[in-house]
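See structure below.
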Amino acid sequence: MNWKLKCLAFHLLNRIPFARTIHTGLQRYVTHRYFLKVTPATLTTYGYHVDNFRQFPPGATVLEFGAGRNLLSSLLLSSAGAARIYAIDL
């Protein structure tokens, strides 16, 4: 998705009443991204980031951009030994 269009959509959505409820409904019933399905392919994709993180000394700090879809990456990096994880998203 075009990030500019997404920012505009969130900006407009936040101006109406019950914005959070509408956002949750859109995720659940339109985009179907409300619940994360963890499959072996998903773990392989996230495992790439965890493997790269393991090249750093234990207890390193992680800065993650675009962490909004889910926090699986942060959870896996934490279990791999990250001391702090800064996850940034809209």
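Hey, can you tell me all the residues within segment 21-57 that are charged (D, E, K, R) and either in contact with a strand residue (DSSP E or B) (Cβ under 6 Å, 6 or more places away or on another chain) or surrounded by 10 or more Cβ atoms within 10 Å (Cβ to Cβ) (or both)?
Here is the first cut: in segment 21-57, the residues charged (D, E, K, R) are 28, 33, 37, 51, 54.
Listed by number, the residues that qualify are Arg28, Arg33, Asp51, Arg54.
Is it fair to say Phe18 is under 15 Å from the mean Cα position of the chain (by Cα) and surrounded by fewer than 11 Cβ atoms within 10 Å (Cβ to Cβ)?
Numbers: under 15 Å from the mean Cα position of the chain (by Cα): no; surrounded by fewer than 11 Cβ atoms within 10 Å (Cβ to Cβ): yes.
In short, no.
Scan segment 68-90 for residues that are closer than 14 Å to Tyr46 by Cα and surrounded by 10 or more Cβ atoms within 10 Å (Cβ to Cβ) and jot them down.
Filtering segment 68-90 down to residues closer than 14 Å to Tyr46 by Cα leaves 69-80.
Within segment 68-90, Arg69, Asn70, Leu71, Leu72, Ser73, Ser74, Leu75, Leu76, Leu77, Ser78, Ala80 meet the criteria.
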With (1) assigned to a helix (DSSP H, G or I); (2) in contact (Cβ under 8 Å) with a residue 60 or more places away in the chain; (3) touching a Lys or Arg at 6+ places or on another chain (Cβ under 8 Å) as the list, and Leu90 as the residue in question, which single condition is left unmet?
-> (1)
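Each row is one residue, and each column tells you yes or no for (1) in contact (Cβ under 8 Å) with a residue 40 or more places away in the chain; (2) in a helix (DSSP H, G or I); (3) assigned by TED's automatic domain parsing to the domain that holds Leu71; (4) among the hydrophobic types (A, V, I, L, M, F, W, C).
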site: Ile16; (1), (2), (3), (4): no, no, no, yes
site: Thr21; (1), (2), (3), (4): no, yes, no, no
site: Arg28; (1), (2), (3), (4): no, yes, no, no
site: Thr42; (1), (2), (3), (4): no, yes, yes, no
site: Val50; (1), (2), (3), (4): no, yes, yes, yes
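Somewhere in segment 3-13, is a residue in the same structural domain as Ala87 (by TED's automatic domain parsing), hydrophobic (A, V, I, L, M, F, W, C) and within 17 Å of the chain's Cα centre (by Cα)? Please lay out each step first, then the result.
We begin by selecting, within segment 3-13, every residue in the same structural domain as Ala87 (by TED's automatic domain parsing); these are none.
Scanning segment 3-13 turns up no residue that is in the same structural domain as Ala87 (by TED's automatic domain parsing), hydrophobic (A, V, I, L, M, F, W, C) and within 17 Å of the chain's Cα centre (by Cα).
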Within segment 58-67, can one find any residue that is under 25 Å from Asn2 (Cβ atoms), touching an Asp or Glu at 6+ places or on another chain (Cβ under 8 Å), surrounded by 12 or more Cβ atoms within 10 Å (Cβ to Cβ) and modelled with pLDDT under 80?
-> yes
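For residues in segment 30-40 being closer than 25 Å to Leu75 by Cβ and in a helix (DSSP H, G or I), which is modelled with the highest pLDDT?
Step one: of segment 30-40, the residues closer than 25 Å to Leu75 by Cβ are 31-40.
Now narrow it down to the ones that are in a helix (DSSP H, G or I): 31, 40.
On the way: Thr31: 72, Pro40: 89.
If we take residues in segment 30-40 being closer than 25 Å to Leu75 by Cβ and in a helix (DSSP H, G or I), then Pro40 is modelled with the highest pLDDT.
The values are calculated or read from the model by the stated rules, or taken from the named source; none is laboratory data. Just so it is clear, the model here is predicted, and its values are computed rather than measured. Glycine also receives a Cβ, built like all others from the backbone with ideal geometry; neighbour counts cover every protein chain displayed.
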